[in-house]
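Worksheet for the structure shown next.
Taken together, the values in this text are just the output of simple stated rules run on the coordinates, not laboratory data. Computed from a predicted model, the values in this text were never measured in an experiment. Glycine gets a Cβ as well: all are built from the backbone with ideal geometry, and neighbour counts include every protein chain shown.
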Amino acid sequence: MSVNEPTTRLVILISGRGSNMRSIIEAINHQQLDARVAAVISNRPDAAGLEYASSQSIPTKIIDHKAFADRESFDRALAQQIDEFNPDYVILAGFMRILTAEFVEHYQNKLINIHPSLLPKFKGLDTHQRAIDAGEKEHGASVHFVTAELDDGPVIMQAKVQVMPDDSAQTLAARVLEQEHQLYPAAIQKLVNVKQD
Ligand code: GRF
C-alpha cells in the first residue's frame, strides 16, 4: 500500500437511488474526502445506486431483507457481511430499514446517518412537508451518529436552507438534497480528521 493511500474504510448502505452515496464517491475521486469505499450494500436488489457503485469498481452486495424471517436475522446477516469489509465507518445513505439495538450497539460510534431535517426537529418521515406545515423559516439536513433511538444520535454536522413562501415538499426536498450532497462528504472528512489527530 502506498503511503498516500487513504486508510479510512467506509461501507455504504443504500436502499434506492443512492445520490448521497454517489456524492461521497465523487468527493473521494476529487480528493475532497480522504477515505475509500470498501463496499456498497443494498437491502433491495433493484436499488439504482448499485449500478453507479459497480461502474466505479466498488464491490457491491445485496442482502435482501425479504429473504429473512425477522429483523434480528436480517441484521445479523447484514452485520456479518459488513464486517467482512472491516470498515471504520458504516454510512447509511438512504437505507430504509429500522435497525435492531443489537446492530446499532455493534457499530457504536461507527454508524452514521444523514437525515433530511435540522435535528432534533422532524425525526422520522415526511420531514419537508412537516417543516412547511410548521411554518419553519429554516430547514436542512443533519449527519449524525446512530443510536438505538430513531434519528436521535449526536449531530456531527448540519446544513441549512431557507424555506421559501411558495415551496412545496418537492422543491424544498430538492434544495435540501443539494446541500446533503455537500454535507455528507464534509461530515465524514470531519470524522477522518478527528481520527487522525
Ligand atoms: C435523503 O434525503 C436522505 O437524507 C434520506 O434518504 C434520502 C436518500 O436519498 N435519509 P439518496 O438515496 O441518497 O438519493
Does any residue in the range 78-102 that is of a type in the set (S, T, N, Q) come within less than 9 Å, Cβ to Cβ, of a residue that is within 14 Å of the ligand (Cβ to nearest atom) six or more places away or on a different chain, and which pairs are these? Q81/I41
Across (1) within 29 Å of I63 (Cβ to Cβ); (2) assigned to a strand (DSSP E or B), V161 clears everything bar (1)
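To keep it simple, each residue is scored yes or no on (1) under 30 Å from T7 (Cβ atoms); (2) under 15 Å from the mean Cα position of the chain (by Cα).
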{"residue": "A67", "(1), (2)": "no, no"}
{"residue": "Q80", "(1), (2)": "yes, no"}
{"residue": "P87", "(1), (2)": "yes, yes"}
{"residue": "L99", "(1), (2)": "yes, yes"}
{"residue": "Y107", "(1), (2)": "yes, yes"}
{"residue": "H128", "(1), (2)": "no, no"}
{"residue": "A148", "(1), (2)": "yes, no"}
{"residue": "V161", "(1), (2)": "no, no"}
Quick count over the range 115-151, residues being in a loop (DSSP other than H, G, I, E, B), of a type outside the set (K, R) and away from the ligand (no atom under 14 Å from the Cβ), is 7
